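Asker: I'd like to ask you about the structure that follows.
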Amino acid sequence: MIVDYIIWSRDEKPGKKLSRASIKVHLAAILRFFQINNDDFNLTTRNFRIHMPSDESIKDDRPYTTEEIGQVLKECDLRSKAIILLLCSSGMRKGALHLLRINHLVEMNNQHHTFKTRVYAGTHDEYFTFCTPECYNAIQDYLNYRKRCGEKLESKSPLIREQFNVDDHIRIQYPRFVSEKGMEHIIDNALKRSGVRKPREVHLSHGFRKFFITQCESSPMKSLHVSMLAGHDTGLKKSLS
């Protein structure tokens, strides 16, 4: 009901659609009502940020288009392809990528090839999301390549490891995590090679996350489920996981 109210205020209110600041004032009063009546969900304004209108004081950026993502993938190696597809098919933030271990991805037991991914696993912010079959295949191709090169994949091995020399058999056996800065560098290089890097139009990595959210919101999926898969605190994530 709160989400519906925000969307109505943002897009449909007769006479004058409310700004982000006005909606936040109204929302604060509603959340205060919940708090003084023993709110079991511990709701805050963070739970509803995804549904707020953009801040009028800043220029909106846009998500990458399907064509732009396809153009980037053409220029990717196995590792960067897995990274790009994880970002745009799971909606996770760039800052979560470098923390992923192999055992954070659970293969789903059905006819659809996909992973259920534990994002920020083992932390207070943990939530789960999924990926597309295309992303699933890209991850499998990347992990199989590492196995062919002689790496023994362990459950706690990094999902995305630092690059290695295929002739350096010792280093292959000791995979190191890519740093968050290193992950940003990989994404930036893929965008530059493809000619898709557009810093004044699309945010470097958040453009992929916005693509995911936009695609979900244009589907029949409920807003609550979009928020959950995007990692927003809905108060229901843990109970449903």
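Asker: What number goes with the only condition from (1) out of contact with any helix residue (DSSP H, G or I) (no Cβ under 7 Å at 6 or more places or on another chain); (2) over 30 Å from LYS152 (Cβ atoms); (3) among the aliphatic types (A, V, I, L, M) that LEU27 does not pass?
Answerer: Checking LEU27 against (1) out of contact with any helix residue (DSSP H, G or I) (no Cβ under 7 Å at 6 or more places or on another chain); (2) over 30 Å from LYS152 (Cβ atoms); (3) among the aliphatic types (A, V, I, L, M), the one that fails is (1).
Asker: Continuing with the same structure: Considering only the stretch 104-111, I want to know if a residue exists there that is more than 26 Å from LEU191 (Cα to Cα) and surrounded by 16 or more Cβ atoms within 10 Å (Cβ to Cβ). Write out each step before concluding.
Answerer: We begin by selecting, within the stretch 104-111, every residue more than 26 Å from LEU191 (Cα to Cα); these are 104, 106-111.
Adding the requirement that they be surrounded by 16 or more Cβ atoms within 10 Å (Cβ to Cβ) leaves 104.
Yes: one or more hits.
Asker: When the stretch 189-209 is examined, which residues are found to be surrounded by 19 or more Cβ atoms within 10 Å (Cβ to Cβ) and assigned to a helix (DSSP H, G or I)?
Answerer: Within the stretch 189-209, the first condition is being surrounded by 19 or more Cβ atoms within 10 Å (Cβ to Cβ), and the residues that meet it are 190-191, 196, 202, 205, 207-209.
Result: ALA190, LEU191, GLY207, PHE208, ARG209.
Asker: Would you mind finding the one in GLU184, GLU162 that is buried (at least 16 other Cβ atoms within 10 Å of the Cβ) and either within 22 Å of ALA121 (Cα to Cα) or outside the structural domain of HIS98 (by TED's automatic domain parsing) (or both)?
Answerer: Numbers: GLU162 fails: buried (at least 16 other Cβ atoms within 10 Å of the Cβ).
Only one candidate qualifies: GLU184.
Asker: Give me the pairs: first residue in the stretch 195-217 and farther than 16 Å from CYS76 by Cβ, second residue among the acidic types (Asp, Glu), beta-carbon distance under 6 Å, and six or more apart or on different chains, which are they?
Answerer: Short answer, once both residue conditions are applied: VAL202/ASP61; HIS203/ASP61.
Asker: PRO133 - would you say it is assigned by TED's automatic domain parsing to the domain that holds GLY207, surrounded by fewer than 19 Cβ atoms within 10 Å (Cβ to Cβ) and free of Cβ contacts under 8 Å to residues at least 40 places away in the same chain? It would help to see each step written out before you state the result.
Answerer: Working: assigned by TED's automatic domain parsing to the domain that holds GLY207: yes; surrounded by fewer than 19 Cβ atoms within 10 Å (Cβ to Cβ): yes; free of Cβ contacts under 8 Å to residues at least 40 places away in the same chain: yes.
The answer is yes for PRO133.
Asker: Select from the stretch 6-22 the residues that are part of a helix (DSSP H, G or I) and without any contact (Cβ under 8 Å) to a residue 12 or more places away in the chain and write down the one among them that is farthest from LEU224 (Cα to Cα). It would help to see each step written out before you state the result.
Answerer: Quick first cut of the stretch 6-22, residues part of a helix (DSSP H, G or I) only: 6-12, 20-22.
With without any contact (Cβ under 8 Å) to a residue 12 or more places away in the chain added as a condition, the list becomes 8, 11-12, 21.
Details: TRP8: 16, ASP11: 18, GLU12: 19, ALA21: 22 Å.
Within the stretch 6-22, the match that is farthest from LEU224 (Cα to Cα) is ALA21.
Asker: Here is a check on your reading of the model: is ASP61 surrounded by fewer than 20 Cβ atoms within 10 Å (Cβ to Cβ) and within 18 Å of GLN163 (Cα to Cα)? Spell out how you get there, then give the answer.
Answerer: On the way: surrounded by fewer than 20 Cβ atoms within 10 Å (Cβ to Cβ): yes; within 18 Å of GLN163 (Cα to Cα): no.
No; evaluated as a whole, the condition is false for this residue.
Asker: Take the stretch 128-153 and flag every residue that is under 25 Å from VAL166 (Cβ atoms), within 16 Å of the chain's Cα centre (by Cα) and not in a helix (DSSP H, G or I).
Answerer: none
Asker: What number of residues within the stretch 167-181 are surrounded by fewer than 16 Cβ atoms within 10 Å (Cβ to Cβ) and either in a loop (DSSP other than H, G, I, E, B) or in contact (Cβ under 8 Å) with a residue 12 or more places away in the chain (or both)? I'd like the intermediate steps shown before the answer.
Answerer: Filtering the stretch 167-181 down to residues surrounded by fewer than 16 Cβ atoms within 10 Å (Cβ to Cβ) leaves 167-171, 173-174, 176, 179-181.
If we keep only those that are either in a loop (DSSP other than H, G, I, E, B) or in contact (Cβ under 8 Å) with a residue 12 or more places away in the chain (or both) as well, we get 167-169, 173-174, 176, 179-180.
The total comes to 8.
Asker: Of the conditions (1) surrounded by fewer than 15 Cβ atoms within 10 Å (Cβ to Cβ); (2) modelled with pLDDT of 90 or more, LEU236 clears all except one; give me its number.
Answerer: Of the numbered conditions (1) surrounded by fewer than 15 Cβ atoms within 10 Å (Cβ to Cβ); (2) modelled with pLDDT of 90 or more, the odd one out for LEU236 is (2).
The values are calculated or read from the model by the stated rules, or taken from the named source; none is laboratory data. Note that the structure is a prediction, hence the values are computed from the model and not measured. All Cβ positions, glycine included, derive from the backbone under ideal geometry; neighbour counts span all protein chains shown.
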